[in-house]
Amino acid sequence: MNAPRTRVQRRPVHGVLLLDKPLGLSSNQALQKAKWLLRAEKAGHTGTLDPLATGVLPLCFGAATKFSQLHLDADKTYEATARLGIKTSTGDAEGEVIAERPVHVTAEDLARAEAQFNGPIRQVPPMHSALKKDGKALYEYAREGIEIERAPRDVVIHALKITQAASESAGNAIRIVASVSKGTYIRTLGEDIGEALGCGAHLTSLRRTATGGFGVAQCITLEALEAMDEEERLAQLLPAESLVEGHMIVTLGGEDAGRFLSGLRRRGSWPDADHVAVFGDTPPAFLGTAHIAANELIPGRLLNPIEIQQILLNAQQTEATP
């Protein structure tokens, strides 16, 4: 008779874990693994990475989940390898080969493609994506062999570098490094670059190296997290306010902080600002986001008093740990 499974005792955990997502796991699978390791009650991620992609995946726990949208909208940087001359049904190595063409690509061709795709461009979202039509993801239609018409999207390629990549077939692979706006599909970018080069292409590897202000050098792997004890795991968390870096900062005194947390506007001599991070001063604590219009501080997403107490208590316990 099998021994009963030990039930994990969940607890309130607040903060941001910068994960280097491994190959082969979906973003949600990686999230659930990290959530289990931290015994966290509530968690979410800040934008999907395909199972075939690796790299920066900020995971939000507890109060930090309220601000995850900020990184869904953030600019991102990717490094990808594309195989030239072969087009697949999915735009990556998982799909079936649907076309093959000879490859005759020069350094001048790569430079022209670089210039062509740098800046504002339009993309047609791929069928193998999580975009929804009538409540159903496009990739589900694709698996059924159904093609759905998709409207082109305006995106921005902030920086692009295309170079020859080492490959078993010399000259038949390119390396793409791209810093892009939200909503940009790198598989589609790779396919479109392949078409511009006259030979077609599909991605063979994809790695996200930055999102917003977070870079891959700051990230931890699931294996490293698993090897730690609980206190070490908790120490990997960044505070929720790391998601609002770059916001204007406003600090409120005790009474104003309490009123702000209850959703009331505060008046002051502040300039207008769209993105504001608000802190209390006694005790020092992150309260939430706001915007300022006509000298009024208008609450946005707020922590609740219980979350703030838990965060302060966790900080005290961490400081007391030798």
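The values are calculated or read from the model by the stated rules, or taken from the named source; none is laboratory data. These figures come from a predicted structure and were not determined experimentally. Glycine also receives a Cβ, built like all others from the backbone with ideal geometry; neighbour counts cover every protein chain displayed. Ligands, DNA and RNA are excluded from the accessible area calculation, which covers all protein heavy atoms including side chains. Shrake-Rupley method; radii C 1.70, N 1.55, O 1.52, S 1.80 Å.
Quick rundown of the values:
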item: Carbon and sulfur %, accessible surface of the chain computed with the full protein complex present, 1.4 Å; result: 51
item: Sites Glu255 and Asp73 - FRET efficiency at Förster radius 45 Å, r taken between beta-carbons, to 0.05; result: 0.85
item: Inter-site label distance for Thr106 and Ile306 at 7 Å from Cα along Cβ, in nm; result: 6.8
item: Distance from segment 285-310 to segment 167-228 (C-alpha centre basis), Å; result: 36
item: Identified option (computed Rg and Dmax of the Cα atoms in Å; candidates (1) 18.4, 56; (2) 23.1, 71; (3) 19.5, 58); result: (2)
item: Sites Glu149 and Val97 - FRET efficiency at Förster radius 22 Å, r taken between beta-carbons, to 0.05; result: 0.35
item: Potential extension, Trp36-Ala137 segment - 0.36 nm per residue separation minus Cα distance; result: 33.6 nm
item: Distance (nanometres) between label positions extended 7 Å along Cα→Cβ at Gln316 and Glu226; result: 3.6
item: Local net charge near Val16, Cβ-Cβ under 15 Å (Lys/Arg +1, Asp/Glu -1); result: +2
item: Mean Cβ count within 10 Å, highest first, over the residues of peptides 24-32, 100-108; result: 24-32, 100-108
item: The chain, helix-only ellipticity at 222 nm - DSSP H runs n ≥ 4, -39,500 (n - 2.57), divided by all residues, nearest 500; result: -7000 deg cm²/dmol
item: Relative contact order (%) - criterion: Cα under 8 Å, at least six apart; region: the chain; result: 20
item: Heavy-atom accessible area order for Ile292, Ile311, largest first, 1.4 Å probe; result: Ile311, Ile292
item: Potential extension, Ala293-Ser89 segment - 0.36 nm per residue separation minus Cα distance; result: 68.5 nm
item: Given Lys66/Lys182; Lys21/Lys42; Lys136/Lys161; Lys21/Lys182, the pairs whose alpha carbons are separated by over 24 Å; result: Lys136/Lys161
item: Average Cα contact separation per residue, segment 76-155, under 8 Å, 6 or more apart, as relative contact order %; result: 22
item: For segment 70-129: accessible area per residue (Å², 1.4 Å); result: 52
